[in-house]
Amino acid sequence: MRILIIGSGGREHSLCWKLAQGEDKREIYCAPGNAGIAGVARCVPIEPSDTVELADFAQGISVDLTVVGPEVPLALGIVGVFKKRGLRIFGPSQKAAEIEGSKIFSKQFMLRHKIPTGEFQVFESDAQALKYIKSKETIFPVVIKADGLAAGKGVIIAKDRKQAQKAIELMMVEKKFGSAGQRVIVEEFLQGRETSFFVLSDGSRVLPMVTCQDHKRALDEDKGPNTGGMGAYSPAMLNQEMFKQILNDVMIPTISGLAEEGRSYRGVLYAGIMLTDKGPKALEFNARFGDPECQVLMPRLKGDLAPVLHAAAEGRLDRVKLDWRREAAACVVLASGGYPEKSETGKTISGLNSKFAGPVIVFHAATRKNDGGQYITSGGRVLNVVALGADLTQAVERAYAAASQIRFEGMQYRSDIGREAVAVLKGGARG
Ligand code: AMP
Ligand code: GLY
């Protein structure tokens, strides 16, 4: 079987690693991939946004299944491009992926389908938005969101009027996020603990995955700026009752609502949820696996992933059951100095060939090899050190022990991945 994975991060490395494991003979391709991915897949120098070029390549080598990692090609309609040529591809259509691509569509969709979410207002001009911010009825903090894709950076929590005004000016006047900020949402600030939820869907059926959680802030104790994710762990802090409530109140109505609106969703649906004192409320949806959440899900998944994704792409998930290891998984992201603002690059990485204690996998994110065959850093999030353990405590310990054996100049990582969950899970939550 020939499988093509699109993307170049740690998420895609974990997908390539998992998809390379099958009973049949596998040929794994990744576009464009990275230096670590090159160890399990043939890397093809095509960018994820070059959807037609990717389809030409897939057709040329008769790929059996294409798996899309990041959101940009989905928003560009890669699934439609492939399907028109009769190429099998795992991921939602452009219309279905709008659930991530447009925050306004997503919020209005939630309202139409009575999916619990924070209250919000939509603004099409800075004058309107500023007028609202200045009005007496606005309660602070408020959350200001650019409508379109902004690489995870288009959300600003404004503590007061001044910060809100600055955020609106940044998005709508200075156009910091380009056309993504043409329209904005001003949203109620929700308080509570945040959790993520992942399901697979074939358009009608909904298959929940085990729980997992990322750490979005750059520094320990959730300080510092938001990032793509500095680490993740699985299982997460979610009890069975809350798990069911999110599945029934958020995930199932979203999949059925999308189908009703002619936007049948085939792929991974990832919801960001706030557990408020009034129950779970959806913050946002993503049309893909999380990164680094995928890096802890893949090692916990038993069996062959290819037939599962194949079945989802073809609308026959009824025959599929996901089987998970009981072991917990933890992922520590090793990031470059300066991340997330301005990452240093070009640093030599050492220690990758160390002998690590326990089952440890290092998924590469931003690495390349130099002429001398050494691994070099090439972006913000560089490596994902993932470990399995009998429980989360052991998984976290193993991941940190391995992380301490790897070095590059300026390397930074959080030292509290999974710490709070370790304490909560001892109280008997589900995974
Ligand atoms: P999003 O991309 O919409 O998930 O937003 C990024 C982050 O901003 C989330 O992970 C939350 O931490 C925070 N956030 C977004 N919306 C809200 C909200 N309504 N209330 C509180 N925090 C929020
Ligand atoms: N880890 C957050 C994301 O993938 O969006």
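The values are calculated or read from the model by the stated rules, or taken from the named source; none is laboratory data. Bear in mind the structure is a predicted one, so any value in this text is a computation, not a measurement. All Cβ positions, even for glycine, are placed from backbone atoms using ideal geometry, and neighbour counts span all protein chains on display.
Odds and ends about this structure:
- Taking each residue of region 6-25 that is more than 12 Å from P70 (Cβ to Cβ) and at pLDDT 95 or above and looking for partners that are buried (at least 24 other Cβ atoms within 10 Å of the Cβ) and of a type in the set (S, T, Y) with beta-carbon atoms closer than 8 Å, six or more apart or interchain, yields nothing.
- Take the conditions (1) more than 16 Å from ligand 1 (Cβ to nearest atom); (2) touching a residue at least 60 places away in the same chain (Cβ under 8 Å); A127 misses just one of them, which is (2).
- If you go through region 133-155 and keep only what is of a type in the set (S, T, Y) and more than 16 Å from ligand 1 (Cβ to nearest atom), you end up with just S135.
- Candidates in region 171-211 are the residues that are surrounded by fewer than 18 Cβ atoms within 10 Å (Cβ to Cβ) and within 16 Å of ligand 1 (Cβ to nearest atom); of these, the one that is farthest from G229 (Cα to Cα) is E188.
- Residues of region 284-303 satisfying the condition of being away from ligand 1 (no atom under 16 Å from the Cβ) and either part of a loop (DSSP other than H, G, I, E, B) or within 23 Å of L87 (Cβ to Cβ) (or both): C294, K302, G303
- The set of residues in region 11-29 that are touching an Asp or Glu at 6+ places or on another chain (Cβ under 6 Å) and closer than 24 Å to D371 by Cα is empty.
- Of residues in region 149-202 being more than 30 Å from L238 (Cα to Cα) and within 16 Å of ligand 2 (Cβ to nearest atom), the one modelled with the lowest pLDDT: A180
- Residue match in region 212-220 (condition: acidic (D, E), within 24 Å of A387 (Cα to Cα) and more than 11 Å from ligand 1 (Cβ to nearest atom)): yes
- Taken together, E100, E137 contain a single residue that is within 30 Å of V210 (Cα to Cα) and either touching a Gly at 6+ places or on another chain (Cβ under 9 Å) or not small (G, A, S) (or both), which is E100.
- Checked against the criterion of being free of Cβ contacts under 8 Å to residues at least 60 places away in the same chain, closer than 23 Å to E12 by Cβ and either of a type outside the set (S, T, N, Q) or more than 16 Å from ligand 2 (Cβ to nearest atom) (or both), the candidates G290, G272, G346 yield just one match: G346.
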